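S.K.: Below you will find the structure I want to go over with you.
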Amino acid sequence: MTPEDYMQLALDEAKKAAEIDEIPVGCLIVNPQNGKIIASAHNQNQHTFDATAHAEILAIRQACENLKQNRLWDMDMYVTLEPCAMCAAAISFARISNLYFGAYDEKGGAVINGPKFFEQKICHHRPQINGGILEKPCSQILKQFFQTKR
């Protein structure tokens, strides 16, 4: 499968979030050696009453549990929106090898925008970063969601 194929599956997770009135962000963690999806998640902040229940955090927790380890060496993450500072820190601590994201987030992003977490001295591990994968559909689902809120 290609990065676009995996991002499409992350977009399917984002659609699940939209269906339950959560901000539509989806995430996958993939073992690139065999193409196996280790974890998949979508935002669940509202339904779990948990400010940390971002798609990335939930996927990292699930992948660590599935693999019975606290580091995700050699794993790839696909997420439909540029991660925030909290999620960027979690990605670093989990030691994700490659980060692929869809839409750029000028307001809340912390990878290319904002604090650029992976460029900070406090960052212990920096993944390879690949932004803009299926950017248009990843951005569109967010725009549609927020249009219904205004």
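The values are calculated or read from the model by the stated rules, or taken from the named source; none is laboratory data. Note that the structure is a prediction, hence the values are computed from the model and not measured. Using ideal geometry, Cβ is built from the backbone for each residue, glycine included, and neighbour counts are taken over all protein chains shown. SASA here: full protein model, heavy atoms, side chains in, ligands and nucleic acids out. Shrake-Rupley method; radii C 1.70, N 1.55, O 1.52, S 1.80 Å.
S.K.: Kindly list the number of the only condition in (1) at pLDDT 95 or above; (2) surrounded by fewer than 20 Cβ atoms within 10 Å (Cβ to Cβ); (3) not hydroxyl-bearing (Ser, Thr, Tyr) that fails for residue 110.
M.R.: (2)
S.K.: Answer yes or no: is there a residue in the range 113-131 that is under 20 Å from residue 21 (Cβ atoms) and not basic (Lys, Arg).
M.R.: So in the range 113-131, the residues under 20 Å from residue 21 (Cβ atoms) come out as none.
Among the residues of the range 113-131, not one is under 20 Å from residue 21 (Cβ atoms) and not basic (Lys, Arg), which makes the answer no.
S.K.: How many residues does the range 99-119 hold that are more than 12 Å from residue 25 (Cβ to Cβ) and either hydroxyl-bearing (Ser, Thr, Tyr) or assigned to a loop (DSSP other than H, G, I, E, B) (or both)?
M.R.: To start, the set of residues in the range 99-119 that are more than 12 Å from residue 25 (Cβ to Cβ) comprises 99-100, 104, 106-107, 110-119.
Applying the additional criterion that residues be either hydroxyl-bearing (Ser, Thr, Tyr) or assigned to a loop (DSSP other than H, G, I, E, B) (or both) yields 100, 104, 106-107, 110-116.
Residues that pass the stated criteria total 11.
S.K.: Next question, about the same structure. Show the residue pairs meeting these rules: Cβ distance below 9 Å; 6+ apart or different chains; first residue within the range 127-150 and under 25 Å from residue 75 (Cα atoms); second residue open to solvent by 70 Å² or more (accessible area, probe 1.4 Å) and β-branched (Val, Ile, Thr).
M.R.: 129/112; 131/112
S.K.: Looking only at the range 1-27, which residues are under 20 Å from residue 94 (Cβ atoms) and out of contact with any Asp or Glu (no Cβ under 7 Å at 6 or more places or on another chain)? Step through it out loud before you land on a result.
M.R.: Just the residues of the range 1-27 that are under 20 Å from residue 94 (Cβ atoms), to begin with: 3, 6-7, 9-10, 13, 25-27.
Correct list: 3, 6, 7, 9, 10, 13, 25.
S.K.: With a cut-off of at least 3 residues that are surrounded by 16 or more Cβ atoms within 10 Å (Cβ to Cβ) and touching a residue at least 40 places away in the same chain (Cβ under 8 Å), name the helices (runs of 4 or more DSSP H) lying wholly within the range 1-96.
M.R.: Details: elements: 3-19, 45-48, 55-67, 85-94.
Here the list reads 3-19.
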